[in-house]
Structure formats: structure tokens, C-alpha cells
Amino acid sequence: MTLPSFKKVLVANRGEIAVRVIRACRELGIRSVAVYSDADSRAVHVREADEAVQVGAAPSSESYLVGERIIEAAKKSGAQAIHPGYGFLSEREWFARAVRDAGLVFVGPPAEAIAAMGSKTAARTLAIKAGTPVVPGTTTPLKSASEAAKVAKEFGYPILLKAAAGGGGKGMRVVRAESELAAALESAQREAKNAFGDNAVYVEKYIEKPRHVEIQVLGDSHGNKLHLGERECSVQRRHQKMVEEAPSVAVSPELRARMGAAAVAAAKSAGYVNAGTCEFLLDAKGDFYFLEMNTRIQVEHPVTELVTGIDLVQWQLRIAAGEKLPFKQEDIVPRGWAIECRITSEDPANGFLPSTGTIEYCHIPGGPGVRWDGGIEAGSEIGLFYDPMVGKLIVHAPTREAAIERMRRALHELTITGIETSRDFHLRLLENKDFRSGAIDIQWLERNLSQIVDSPVPADVERVAIIAAALIAERQRVAPRRATAAQPQAASDSAWLRAARTDGLR
Ligand code: MV4
């Protein structure tokens, strides 16, 4: 394998994904250029890169989203390519085009492929042409409620109205009867117009209680395309994934091959190159339906890396530099089980309210099969300008059970103080019997949220007892007489108090 021809790459992002890309660059012998806003001058990604360029004020609309500034920074620093990470400019067709027009390489798909997959109705049309199963429905925007009613009659209620330009569930309405249709269509169109500046809404059959299973695709510029298996992403709240795994308990090798082939076919029809992901709904019967294609590296890519042994970010860079994929589809077999927990600066006890402050102490887990992709350290300031995800804890083990035990162990090691985080919530979630058996769907977390938030973290009860024990032991050590006078005889002490005292003195 030849090394990529890039000598320097600009990383148009911040936080953990910027650090992830910088790491890949360093391993490939590529120099990295970070960009940063006024809020990020002392951020980890800025220090980890070989160079850094300030691109504007704290709001992302004045820094990480200003394409011209970023392209200018790339040219000034002598970078040959720009890696957009996820979010920000990663799926903006105009940015991919502007990078190319500036004589630089966009580390991602061609602008045309981003455009082709950018509209849900266009993506459905492409998928249908490719023979990829899509949810029954239309591929053109609805003109009236009566048109919607006619389509709905074909496959029956409930139906789902969706914004063609949609994302994140905006402009979506479930309709369970014809009588609700007109009002739902009007409000979906209004919401779509406000969110995307486009009121186009189309209709799909509503799939009840499906799983969200997505297929990682990788394609080079020489016509080779393959899939790297699935990720199970059903554990989500308000369209924010909280736990992802690879593989999925619901996907057999045979189903993986069929979903994989369907994803590769959809990618081919869009002229896709580089790393991308096809999202599917998988219903209880085992039928799957293409939803959309994400034309970027995704947050949850590490679980695929761990089970396939393929470094996706390195391959993004190698593909962008013109390299050929050296592996064949049959070489790719998922090994073991990987789980990722997205650690956010949110307070689950307070309705997941974003928590701000300075990280005062930070202990990152390690040991066998544990990976941390983070962008924070002690001293990092967590504000409200950007996404609340501070890092991802990812584990790999031979089986799902072993991976869950490993994640539990690693979450216990993870200590972040100064801000609230989702860490304890993740520990609680891992105790849940539905999660443990894999009996989950896309609404499972929201149905069970309050029960999980209110459940105890068993090992933490022990931890609190030990801290209490240390305090009791210390009090009795410094004031033995008062303790003797005020407390019951040792013989009548509870086993708990005796154990506590010895543990506390250790
Ligand atoms: C659906 C669906 C059920 N039936 N389409 C939500 C966001 C967008 N990416 C697609 N979404 C859905 N489309 C049909 N025909 C349910 C969802 C959905 C969902 C999908 C994936 C992950 C989480 C979700 C949460 C709620 C609804």
C-alpha cells in the first residue's frame, strides 16, 4: 500500500471528532491543521494539531460554519485537503463544491452525491431505482390532503408525513385516521417551511416499533464499494442516539448480507465515494426499509472499526487521496461485540438539561478492550455554544454479555467532575433487563426513561457506604472516647458498621 499523497490536511471541526481525525493524520504521516473559534483557543483539538488557525467568534455561525474562512485557512496553511468531520459543514453540498473549486480535496463524497442524498424524496427515488427496499409511500411532495388520503388508502393507516428536506424528526407527523389528515399535513408543512425553508411533505406508511439499524459503506474512486456490516442505533432519545452497538442482536449473517447489498446498491446509484451510512428501519418481522443516507463519517463509527479492524477515518483520507480499497467483501466479517456510550454534559435527573462549567477533574478509563474518543481534559470549559457530547466510551469484547460487563467496568472508572454528565444514566441503562436481552426498538428508551432515571446504580450504593465508613472510622480514630460514650458497644454493632469500619481504615 502506498501512503496518501497528502502532506497536510485541515480539520474543519472541533471536539472529539477533530481529535479523532488528527490522530488518523498523525498515523498516516500527514500534518494536521486545526481551526478554532474564540471559545476554543485552549481546546484539546487545537493543541493536538500540528498547526491551528483562528476562524472567528464563538457562535458556530461565525466560525465553524463559515466555509470561506475555512477554505482560506486551508490555502494559507498549505493544506491539500479538508476533512469536515460530522455536523457543521460536513453535509453541505455547496461547501464540498467550494472546496473542490478552490483546488483542494474534500475528504468525503462528491458534492453531487451529497446533493443526491440530501433530499429524502430524491434518495427514495434513487433507492427504488437501485432495487433497495423503501417504506411504501410517495416520492413526490403532496399537493393536498385529498391526495394524501388517496395514497393512505392504498396501504392503510397509520401513515407518517415527512418533510422532504427533513432531518432530526422535524416536519414529521403520525396520522392514524383520515379525519386527522388535513390538520396534520398543514402543521407538517408549516414546520418544514420554518425549519428548512421548504414546505415539501410526502407520505410513508408508518412502521410501528422498528429498530434503527444502519449499514456502513465504503467506496473508493476506482469503482470498488463494500459494506462493513451494521450498527444497532435504536437506543435514542429525541433523535439523539445514546448507545450504539455492532453487530445488532436482530441481524443474522444472512440478513447482514442482504441489507449490506441493498446499502451498496443505493450508494452506487448515487455515485457514492468515501465513507457513508445507509439508515434502515428493521421491523419485528425482519423486513427492512431504506430511510436515508448519511454522507459523512458518523459519531458511532468506532463500533464498526472495532468489530471489523478497519480504521474508517484513515480510509477516508486514503480514498480521498486516490487509493484503492485492498479488501474484498468476503474479507469483512464482524468479530466480537462493540458498544459505544455517548457521554454528554447533560443532567438526566433534570430532563437532560445541558450542564455547563469547567471540568475540574477527569479520569479516563483504560485496560483491555476500552477506547475513549474524547475532546476534553481537566480545565476544559463546557459552554452552550456547541454540542453537549464530551466524548465517547467504546468497548470491544468477544460477546455482547462480555461487552456489557466491560462497559460497566469502564463507566465506573470514568470520572468527570465539575459538570453533570450522562455517565450514571448509562450505568443505569446497562442494568435494564430489556437492554440486556436486546429487546429494544426506537421508542424503547423514551417509554422507559423515567424508570431508568429513577433506578439505583448498585455499585454506587457500595461506594457511598465505603465513603461513609471512612468518615465514621476517621471520627472514631480522632475522638475514640466520645465515640465510645456515644455509640453502642462493638458487640452490638451491625455487620455493616463493622465491615464499614475495617474497609474505611484500609
Ligand atoms: C419513520 C419511522 C416509522 N415509519 N418512517 C425519524 C427521523 C428520520 N430519520 C426517520 N425517522 C423515522 N421514520 C416510517 N415510515 C420512525 C422514525 C423514527 C426514528 C427513526 C430512527 C431512529 C429514531 C427514530 C425515532 C422516532 C421515529
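Read-outs: derived from the displayed coordinates by stated rules, not from any lab. Everything numeric here is computed off the predicted structure, so don't read it as measured data. Backbone-built Cβ (ideal geometry, glycine too); neighbour counts: all protein chains shown.
Here the label points at D38 and E377, each 7 Å from Cα along the C-beta direction, are separated by 2.5 nm in the simple model. Couplings 3J(HN,Hα) of region 43-54, computed from phi: 6, 4, 5, 5, 6, 6, 6, 6, 9, 8, 10, 6 Hz, in residue order, whole Hz [Karplus 6.51 cos²θ - 1.76 cosθ + 1.60, θ = phi - 60°; x for Gly and Pro].
For helix 67-77, what angle does its Cα long axis make with the longest principal axis of the chain, in degrees from 0 to 90 and rounded to 10? It is inclined by approximately 80 degrees. Full extension of the segment from S146 to H222, taken as 0.36 nm per residue of separation minus the current Cα-Cα distance, would add 22.6 nm. Since only L218, V134, A152 are under comparison, the one whose Cα sits farthest along the positive direction of the charge dipole of region 116-219, derived from C-beta charges on Lys, Arg, Asp and Glu, is L218. Of the cross-linked pairs K209/K268; K120/K193; K225/K285; K162/K205, those separated by over 19 Å at the C-alpha level are K209/K268; K225/K285.
For K153 and A261, the difference between the fully extended length at 0.36 nm per residue and the C-alpha to C-alpha distance is 35.7 nm. Would you mind estimating how fast the chain diffuses translationally, via Stokes-Einstein at 20 °C and 1.002 mPa s with the Kirkwood radius over Cα pairs, in µm²/s? For these conditions, the coefficient is 87 µm²/s.
In the chain, the longest principal axis of the Cα atoms and the axis of helix 400-413 are about 60 degrees apart.
Applying 1/(1 + (r/R0)^6) with R0 = 41 Å to the Cβ-Cβ distance of V174 and Q329 gives a FRET efficiency near 0.65.
Between region 357-376 and region 43-59, the C-alpha centres lie 20 angstrom from each other. Relative to the longest principal axis of the Cα atoms of the chain, the long axis of helix 15-27 makes an angle of roughly 80 degrees.
Taking the mean number of other Cβ atoms within 10 Å as a proxy for protection, how do you rank 176-188, 213-225, 40-52 from highest to lowest?
Order by mean packing, descending: 213-225, 40-52, 176-188.
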